[in-house]
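> Below is the structure I would like to discuss, written out as structure tokens.
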Amino acid sequence: MAKTRSTKAKLPSGGRESRSGSPRSGEGGGAAGGAPRIPLWIPATLFVVLTLWLFRAFVFSDQMLYGGDTLSLGYVARAFYAKALKSGIFPLWNPHILGGTPFIEALSGGDSLYPPSALLLLIMTPYRALGWKLVLHIMAAGFFMFGWTRRIGVSRAAALVAGIGYMLSPMLVSFVHPGHDGKLFVMSLAPLLFWAVEGHFVKPGPKSFAAIGLVVGLVLFTTHFQMAYFLFGAVGMYALFRTVQTARGAGATGNEQGEADAVSASRTRPIAPALTRFGLFLLASVAGAAVAGVQFIPAANYVTHYSRRIQTTRQAAGETGRAWSSSWSSHPEEAMSLLIPDFSGNNAGGAPWAENTYWGRNFTRDNLPISGVLLLVLASVAFVGGARRGLKWFLTGLGTIALLFSQGTHTPVWGLFYALVPGIRLFRAPDMVMFLFVFSAATLAALGVDRIFRASAENDDEGWTRVLRVLAVFAGFLALLVLLVSSGVLQSMWTTVVYKDITPDKLQTLGSLQPFIVRSALVSALLAFGVWALSWAVRRAFLAPTALV
């Protein structure tokens with residue numbers, strides 16, 4: 001019975017993926033056989049509906065979307081800018097901030113030159129525009145992640161899972177509460193830039209060149225240069241990875257079969273095409289930076305010569321400088337929150353577990369730099385055989401570096417970057433880089449979903465055994481955490497070994513958070529067990545792969 005159902009699932013999927021242009025196998029492998037039919041309108045509808053439902057209290061009202069920085073400065077700056085624009089004036093000076101500051105150079109208007117933000121300010125009242133730009137970018141993140149994962153060859157079903165997982169990831173959505181719009185914009189645009197770069201290495205040409213330049217310019221216009229710095233570094237590493245792949249004649253990580261000529265050329269003269277594509281990638285990136293030069297160059301000059309922050313940074317030397325740059329990093333407590341989301345508590349309010357329950361080492365915490373447990377569960381399956389080993393290891397390396405860097409002085413990784421990489425000394429809050437961890441986890445989750453579909457389609461007993469074993473081990477580990485936190489053993493070990501200098505008031509806060517930590521661990525374990533149970537049901541032909549999606 002299982003074999004008959006699997007065979008039926010495979011044939012239409014193979015035809016569908018062929019028509020959509022994604023490959024079926026190989027290191028540049030494509031969508032797994034057995035992936036259920038997903039009409040294109042379903043992902044688009046879900047991305048829109050889920051976003052509107054999440055923000056329904058704002059969308060279906062005339063109210064303002066709360067944001068900490070929005071109330072303290074964002075609204076004043078944008079309202080001033082909107083009023084000037086509607087009067088036919090572009091402001092060069094903002095008299096309302098610190099007694100007066102340059103509008104462009106000092107970034108007084110924030111993302112004022114970022115096209116989506118400027119357009120919304122022109123067509124809406126400022127307080128509504130500030131909320132809608134966040135809502136629309138969360139929605140866009142789903143579309144961009146869907147496009148990126150389709151570009152590397154996964155099925156529509158797997159890309160749908162990755163898109164929803166990324167757009168609803170705690171890190172992206174929780175940027176709304178502090179009003180960190182620039183961070184949210186860059187995280188939303190990250191898969192779009194990877195998508196454009198992958199398209200360039202698959203089929204270089206004017207369109208791919210323009211796409212890279214356009215997205216690079218958009219990222220710079222968000223004016224969150226630290227997040228842009230991290231993103232450009234990651235994309236640069238990916239371009240080097242794809243250059244090596246091309247030079248070795250490995251083809252793309254997932255692209256149309258119609259690129260045979262390019263692959264053939266890379267096999268006969270492997271190094272020249274690879275270097276040419278990398279050179280064009282660099283040129284397109286510089287062109288994109290030039291497009292945003294009207295924003296970036298004056299701001300860079302102001303920050304390096306006139307900003308109070310740069311003077312403070314220059315005066316800080318030795319341990320003082322390291323302490324400043326590593327401030328607002330994540331800590332081991334936040335790392336544990338990847339598996340038990342409520343573990344470190346939160347001060348965002350709105351729910352009992354987030355009412356002044358943060359007991360970590362930062363001054364406060366009102367966002368969650370984590371990916372969500374389900375993405376990690378599905379990502380673990382990606383390594384149960386299958387194609388695209390190179391891409392999987394690249395994403396694993398990228399996510400691991402991001403996680404270790406985010407921990408600041410708790411690991412040597414941040415210290416190496418601080419000592420060796422130019423620009424790191426100008427930044428603080430290393431945990432911003434965690435969006436690259438979320439991006440890597442979502443992409444690996446898509447590959448993991450397709451690995452499950454492949455095992456189903458091929459009636460692969462050995463593959464199924466390995467898939468179910470990995471899922472069972474993950475669920476079992478989370479179940480063990482439930483036992484440890486419910487008994488208080490984990491918290492006791494944590495405060496005696498990991499966080500030995502915890503203060504009495506933080507210890508008291510941890511005690512009051514106990515029931516929420518237990519609940520959070522239990523939910524994580526149940527979600528992981530649910531993935532195992534649904535996969536087992538598909539294996540036994542009690543459910544179709546569509547139900548798993």
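The values are calculated or read from the model by the stated rules, or taken from the named source; none is laboratory data. Given the structure is predicted, the values throughout are model-derived calculations rather than measurements. Virtual Cβ from ideal backbone geometry, glycine too; neighbours counted across all protein chains shown. SASA here: full protein model, heavy atoms, side chains in, ligands and nucleic acids out. Shrake-Rupley method; radii C 1.70, N 1.55, O 1.52, S 1.80 Å.
> Check off (1) in a helix (DSSP H, G or I); (2) modelled with pLDDT under 90; (3) surrounded by 21 or more Cβ atoms within 10 Å (Cβ to Cβ) for Glu259 and give me the number that stays unchecked.
(3)
> Is it fair to say Ile97 is open to solvent by 70 Å² or more (accessible area, probe 1.4 Å) and farther than 24 Å from Ile138 by Cα?
Answer is no for this residue.
> Please verify whether Arg19 is open to solvent by 80 Å² or more (accessible area, probe 1.4 Å), closer than 30 Å to Val135 by Cα and either modelled with pLDDT under 50 or of a type in the set (Lys, Arg) (or both), treating the condition exactly as stated.
When the stated conditions are applied, Arg19 does not pass them.
> Pairs please, first residue from segment 495-507 and over 14 Å from His331 (Cβ atoms), second anywhere and open to solvent by 100 Å² or more (accessible area, probe 1.4 Å) and at pLDDT 95 or above, Cβ atoms under 7 Å, 6+ apart in sequence or on different chains.
Pairs that qualify, where the first residue is over 14 Å from His331 (Cβ atoms) and the partner is open to solvent by 100 Å² or more (accessible area, probe 1.4 Å) and at pLDDT 95 or above: there are none.
> From the list Trp494, Trp464, which residue is in a helix (DSSP H, G or I), aromatic (Phe, Trp, Tyr) and at pLDDT 95 or above?
Trp494
> Also, quick follow-up: From Leu368, Leu378, Leu395, which residue is farther than 18 Å from Phe230 by Cα and part of a helix (DSSP H, G or I)?
Result of the check over Leu368, Leu378, Leu395: Leu378.
Okay, residues lined up against (1) in contact (Cβ under 8 Å) with a residue 12 or more places away in the chain; (2) touching a Ser or Thr at 6+ places or on another chain (Cβ under 9 Å); (3) open to solvent by 30 Å² or more (accessible area, probe 1.4 Å); (4) on the phi > 0 side of the Ramachandran plot:
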position: Arg389; (1), (2), (3), (4): yes, no, yes, no
position: Ile401; (1), (2), (3), (4): yes, no, yes, no
position: Thr409; (1), (2), (3), (4): yes, yes, yes, no
position: Pro412; (1), (2), (3), (4): no, no, yes, no
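> Looking at this structure, is Ile38 under 27 Å from Gly293 (Cβ atoms) and of a type outside the set (D, E, K, R)?
The answer is no for Ile38.
> Which one is most open to solvent (accessible area, probe 1.4 Å), of the residues in segment 204-222 that are in contact with a helix residue (DSSP H, G or I) (Cβ under 6 Å, 6 or more places away or on another chain) and not in a helix (DSSP H, G or I)?
Once the filter is applied, the top-ranked residue is Pro204.
> Limited to segment 223-245, what total is found for residues that are open to solvent by 10 Å² or more (accessible area, probe 1.4 Å), assigned to a helix (DSSP H, G or I) and more than 16 Å from Leu283 (Cα to Cα)?
Number satisfying all stated conditions: 7.
> Against the condition in contact (Cβ under 8 Å) with a residue 60 or more places away in the chain, surrounded by fewer than 19 Cβ atoms within 10 Å (Cβ to Cβ), on the phi < 0 side of the Ramachandran plot and in contact with a strand residue (DSSP E or B) (Cβ under 8 Å, 6 or more places away or on another chain), how does Pro115 come out, does it pass?
No; evaluated as a whole, the condition is false for this residue.
> Given the criteria under 29 Å from the mean Cα position of the chain (by Cα), over 30 Å from Ser330 (Cβ atoms) and crowded, with 20+ Cβ neighbours inside 10 Å, does Ile517 qualify?
So Ile517 fails the test.
> Are there helices (runs of 4 or more DSSP H) fully within segment 57-155 with at least 3 residues that are at pLDDT 95 or above? List them.
115-123, 126-151
> Continuing with the same structure: Of everything in segment 432-474 that's surrounded by fewer than 21 Cβ atoms within 10 Å (Cβ to Cβ) and touching a residue at least 12 places away in the same chain (Cβ under 8 Å), which residue is nearest to Gly233 (Cα to Cα)?
Per the stated criteria, the residue is Val470.
> Filter segment 497-514 down to the residues that are surrounded by 13 or more Cβ atoms within 10 Å (Cβ to Cβ) and assigned to a helix (DSSP H, G or I) and list them by number.
Answer for segment 497-514, where residues must be surrounded by 13 or more Cβ atoms within 10 Å (Cβ to Cβ) and assigned to a helix (DSSP H, G or I): Val498, Lys506, Leu507, Thr509, Leu510, Ser512, Leu513, Gln514.
> Same structure, new question: Looking at segment 177-195 only, could you name the residues that are open to solvent by 10 Å² or more (accessible area, probe 1.4 Å) and assigned to a helix (DSSP H, G or I)?
Correct list: Asp181, Lys183, Leu192, Trp195.
> Still on this structure: Among the residues of segment 338-349, is any acidic (Asp, Glu), at pLDDT 90 or above, under 18 Å from Tyr499 (Cα atoms) and in a loop (DSSP other than H, G, I, E, B)?
yes
> Still on this structure, please answer the following. Run Asn356 past the list (1) open to solvent by 30 Å² or more (accessible area, probe 1.4 Å); (2) at negative phi and report the number of the one that doesn't hold.
All conditions pass for Asn356, except number (2).
> Further question: Condition check: under 26 Å from the mean Cα position of the chain (by Cα) and open to solvent by 20 Å² or more (accessible area, probe 1.4 Å). Does Leu85 satisfy that?
no
> Would you tally the residues in segment 156-175 being open to solvent by 10 Å² or more (accessible area, probe 1.4 Å) and not in a helix (DSSP H, G or I)?
The qualifying residues number 1.
> Continuing with this model, one more query. Of the numbered conditions (1) basic (Lys, Arg); (2) within 21 Å of Val373 (Cα to Cα); (3) touching a helix residue (DSSP H, G or I) at 6+ places or on another chain (Cβ under 9 Å), Arg539 fails exactly one; give the number of that condition.
The failed condition is (2).
> Are any residues in segment 320-356 more than 15 Å from Leu403 (Cβ to Cβ), touching a residue at least 60 places away in the same chain (Cβ under 8 Å) and in contact with an Asp or Glu (Cβ under 8 Å, 6 or more places away or on another chain), and if so, which ones?
Trp328, Phe343, Ala348, Trp353 - these are the residues of segment 320-356 that are more than 15 Å from Leu403 (Cβ to Cβ), touching a residue at least 60 places away in the same chain (Cβ under 8 Å) and in contact with an Asp or Glu (Cβ under 8 Å, 6 or more places away or on another chain).
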